[in-house]
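K.L.:
This is the structure, below, for whatever I ask next.
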Amino acid sequence: MTDAILSLRGISKHFGGVKALTDVSLELERGKVVALVGDNGAGKSTLVKVMSGVHRPDSGKYIFEEREIQVSDPAAIADMGVQTVYQDLALCNNLDAVQNLFLGREMTGPWWTGFRLNRAEAERKARDVLKRLRLDSISLRRNVGAMSGGQRQNIAIARSILWEPKVVLLDEPTAALSHSAAEQVGALVRELASHGLAVLVISHDIHHFVLENTDRIEVLRLGRNAASFNSKEVTGEQVVNAMVGGNEAVNMAG
Amino acid sequence: MTVSDIKKQNITATAQPKRGLSERLGSELRFVPVAVGLLALFLFFSTQSDVFLTSRNLNNLLVQSTVTGIIALGLVFVLLVGEIDLSVAATSGVASVLMAQLVVEAGIPIPLAVAAGVLCGMVIGAISGRWITLIGVPSFVVTLGVGLLLNGVQLMLLPRTGRYNLLNTGVEKIAATNISGIWAWILVIGAIAVFALLRLSTLRARQRAELDASFTWGVILPVALVGVVLVGILLFLENLHGLPMPLIIFVGLLGVMTYVASETRFGLSLYAIGNNAEAARRAGIKVDRIKITAFAIAGGMAAFGGILAASRLLGVSVSSGGGIGGGALLLESIAAAVIGGVSLFGGRGMVVGALFGALIIATVSNGLNLMGVANEARLVVTGLLLVLAVSIDRGIERLAERS
């Protein structure tokens, strides 16, 4: 029916007596950026962890490319084509951009070379990938620790792209960034969508980041779907009201 | 649709930003400050003593630095993953006593006894590493305990006399052998050729990948530097006895271990784990296995260093391996690695640092000796040098972070 790659239908999840998610539904489509917003404790992170396979939902359906998936473990979900970039980025500051991009799956020579690193090939591939993502301003041979927050975030995102996923989940990519660094990340997020990926972004930066860089805004409140907006037809106030649960959410059409 | 399908966009490539000197000093040129320091020490001592720059003295200095250097070499691997091994000196003691016992008591051929000693060191390191990764006890506690335990084992292994004499067993020949004449030249030229081939293959690979590649900077300069140093040492020692075997072994191990640390996937994993073990784990690196291997390498190197010391000193005794607690041998081995620019916090440093660190410690000791300075002053100077070296290193690191 739609371009949906990943659909969640009626997902519920509780931890002990606490209901983290109740009957939540969400669709991610090819080439679209969806923002997931909500107040603290609204269930955003839990929902992302369900999608990335960290949490198994108590009930509801996880549908990927029109097949229902039994959420088993994060590695299986990642192999399937759903990559997650967590807030801590998991970069090694003492290694350069190329080394970080290929960490854990380096191209090497045969065993008798002691699995010698094929640095040149890695650098060429890294250069091509960064170029395609319009990230050529990133220095390949520079230690990641010496880079700006925006560049680090973008390297972490670019690394997830190397696995050729279909869906990318970004957990607060702009949380610790300046406005200009957040713009760099926003440009990359739009670039990913233009390449046909489905992107989900958690962000608190409604007025700038979310309104400017996403196609749709899904609002969670107290673990439930609270509202869904077209990013082009909504104001920041309307989104915030939906987040905190004001009656104004009803007025979104007006 | 994935990245691979995306048709290539024609974007004018922006030039890669140049990396500043301070940044380079923090990574691939990390050995330069300590090398300059070593050179300064050489100049200073050559003005203070006529004996210092003689072949005989430099021969002694180089051989003196090998045992500490080899132990420090293994230690670098453990330091890179952010751990420490305080049992390396004790390991060297036990391994050398075991080797001596096998030779003297059981009459086992020397190569086998040496192999058994080294294997024993690797097993000790691997067990420490397994314990540390399995239980999660800090490595300095585990290896401190293991060190004391090994001191006890060493005393148990030794006979009532407290000493195995290795004179005329053949073991003494390991350290006493010198390679001279045509064989020395073959060795040196062979080493330079291997290094040149490695640099060339790197250059070729970069050219094939259409990356910037400079023949002058990538091949000629590094090969010339290594060539001048190796040929220089050979010319200097040739008129004495030739190249001492401990030095050849040390340089050989240095070459192999530099390759392992800087060219292989295992080496890269060490650096990744040392900086961010959680990131390495999530990237699929088997963190525990790499750490255990690093401890095994440190143990094996320590054992080898101990065996070399036993060969030089013509025997093993209670004081092999630095005596109880590791003594000066342990402290100097750690100091050598740290002076050489290896961070105690993991993820930073080069294998060649062990060479420079060991040489600096040996040079200070040797030079001050020649100047007639008392032993207590030597300790003071070495201690100050350690603090100074680490401070300079930290300063460079800060500069690199700021740029």
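The values are calculated or read from the model by the stated rules, or taken from the named source; none is laboratory data. Remember, predicted model here, so these are calculated numbers, not experimental data. Cβ coordinates were reconstructed from backbone atoms using ideal geometry, including for glycine residues, and neighbour counts include every protein chain displayed. Accessible surface areas use protein heavy atoms only, side chains included; no ligands, DNA or RNA. Shrake-Rupley method; radii C 1.70, N 1.55, O 1.52, S 1.80 Å.
K.L.:
Gaussian network model of chain B, Cα springs within a sub-10 Å range: biggest mean-square fluctuation belongs to which of B:Ala279, B:Ala115, B:Ala328?
P.N.:
B:Ala279
K.L.:
Two-decimal Rg/Rh of chain B from alpha-carbon positions, Kirkwood Rh?
P.N.:
On the way: Rg = 22.4 Å, Rh = 22.5 Å.
Using Cα coordinates only, the ratio equals 0.99.
K.L.:
Please provide three numbers in whole Å: the alpha-carbon extents of the range B:155-254 along the principal axes, with the largest listed first.
P.N.:
Extents along the principal axes, in whole Å: 68, 37, 16.
K.L.:
Another question about this same structure. If the convex hull of the alpha-carbon atoms of the protein assembly as shown is projected onto planes in all directions, what is the mean projected area in square nanometres?
P.N.:
Working: hull surface 137.5 nm².
Reported value for the Cα convex hull: 34.4 nm².
K.L.:
Below 8 Å, C-alpha to C-alpha, sequence gap of six or more: please give me the relative contact order for chain B in percent. List each step's numbers first, then the result.
P.N.:
Values: 617 pairs, mean separation 147.2, N = 403.
Dividing the mean separation by the residue count of chain B yields 37 percent.
K.L.:
What figure in square angstrom, to the nearest 10, would you give for the accessible area of B:Phe42 with a 1.4 Å probe?
P.N.:
Rounded to the nearest 10, the figure is 50 Å².
K.L.:
Heavy atoms of the protein only, probe of 1.4 Å, neighbouring chains included. What is the accessible area of B:Thr216 in Å², nearest 10?
P.N.:
70 Å²
K.L.:
Heavy atoms of the protein only, probe of 1.4 Å, neighbouring chains included. What is the accessible area of B:Arg281 in Å², nearest 10?
P.N.:
Its accessible surface works out to 130 Å², give or take rounding.
K.L.:
How much accessible area is lost when chains A and B come together, counting both sides, with a 1.4 Å probe, in Å² rounded to the nearest 100? Before the final figure, lay out the partial values.
P.N.:
Numbers: alone 12670 and 20970 Å², together 29630 Å².
Separately minus together, A and B give about 4000 Å² buried.
K.L.:
According to the Kirkwood expression over distinct Cα-Cα pairs, how big is the hydrodynamic radius of the range B:305-403, in Å? Present the calculation step by step, with values, prior to reporting the outcome.
P.N.:
On the way: mean 1/r = 0.0666 Å⁻¹.
The answer is 15.0 Å.
K.L.:
Shifting gears a bit: Give me the percent of the accessible area of the protein assembly as shown that comes from carbon and sulfur atoms, probe 1.4 Å, all protein chains in place. Walk me through the numbers on the way to the answer.
P.N.:
On the way: 18120 of 29630 Å².
Answer for the protein assembly as shown is 61 percent, counting heavy atoms of protein chains only.
K.L.:
Here's a follow-up. Over the Cα atoms of chain A, what Rg and Dmax result, in angstrom?
P.N.:
Using the Cα atoms of chain A, the pair Rg, Dmax is 19.0, 70 Å.
K.L.:
So what's the gap between the Cα centers of the range B:210-243 and the range A:61-121, to the nearest angstrom?
P.N.:
So the two Cα centres are separated by 39 Å.
K.L.:
Which value in Å does the Kirkwood hydrodynamic radius of the range A:57-159 take, with 1/r averaged over all unlike C-alpha pairs and then inverted? Don't skip to the end; give the middle numbers.
P.N.:
Working: mean 1/r = 0.0635 Å⁻¹.
Result for the range A:57-159, one decimal place: 15.8 Å.
K.L.:
Inside 10 Å of the C-beta atoms of B:198-210, what's the mean count of C-beta atoms belonging to other chains? If you can, show how the numbers build up before the last one.
P.N.:
Values: counts 1, 0, 0, 4, 3, 1, 1, 8, 5, 1, 3, 9, 3.
Neighbouring Cβ atoms belonging to other protein chains average 3 per residue here.
K.L.:
Right, here's the next one. Please compute, over every Cα-Cα pair in the range B:69-147, the percentage with a separation greater than 22 angstrom.
P.N.:
Working: 858 of 3081 pairs.
Summing the P(r) tail past 22 Å for the range B:69-147 gives 28 percent.
K.L.:
How are the Cα pair distances of the range B:49-189 distributed, in percent, across 5 Å bins from 0?
P.N.:
Calculated over all Cα pairs of the range B:49-189, the distribution is 2, 8, 14, 17, 16, 14, 12, 9, 5, 2, 0, 0 percent.
K.L.:
Calculate the mean, over all residues of peptide B:257-268, of how many other protein chain Cβ atoms lie within 10 angstrom of the residue's Cβ. Could the numbers behind the result be given before it?
P.N.:
Values: counts 0, 0, 3, 2, 0, 1, 8, 8, 11, 4, 4, 11.
Partner-chain Cβ atoms within 10 Å, mean over residues of B:257-268: 4.
K.L.:
Next question. Could you order peptides B:320-326, A:210-216, B:178-184, A:225-231 by the average number of other Cβ atoms within 10 Å of their residues, highest first? Show your work: numbers first, answer last.
P.N.:
Values: B:320-326: 23.3, A:210-216: 20.3, B:178-184: 13.7, A:225-231: 17.7.
Highest-to-lowest ranking by the protection proxy: B:320-326, A:210-216, A:225-231, B:178-184.
K.L.:
Work out how far the C-alpha atoms of the range B:198-294 reach from end to end along every principal axis, then list the three figures in whole Å, largest first.
P.N.:
Computed over the range B:198-294, the largest-to-smallest principal extents equal 56, 38, 17 Å.
K.L.:
Let me ask you something else. Please report, to two decimal places, log10 I(q)/I(0) for the range B:116-161 at q = 0.27, 0.28, 0.30 Å⁻¹ as given by the Debye formula with identical point scatterers on the Cα atoms and no solvent.
P.N.:
Taken in order of the listed q values, log10 I(q)/I(0) reads -1.00, -1.03, -1.08.
K.L.:
Per residue, how much accessible area does the protein assembly as shown have with a 1.4 Å probe, in Å²? Intermediate values should be presented prior to the final figure.
P.N.:
Details: 29630 Å² over 657 residues.
Averaged over the residues of the protein assembly as shown, the accessible area is 45 Å².
K.L.:
Within 10 Å of each Cβ in peptide A:146-155, how many partner chain Cβ atoms are there on average? Round it to a whole number, please. Don't skip to the answer; put the middle values down first.
P.N.:
On the way: counts 10, 0, 0, 0, 0, 0, 0, 0, 0, 0.
Mean inter-chain Cβ contacts per residue within 10 Å come to 1.
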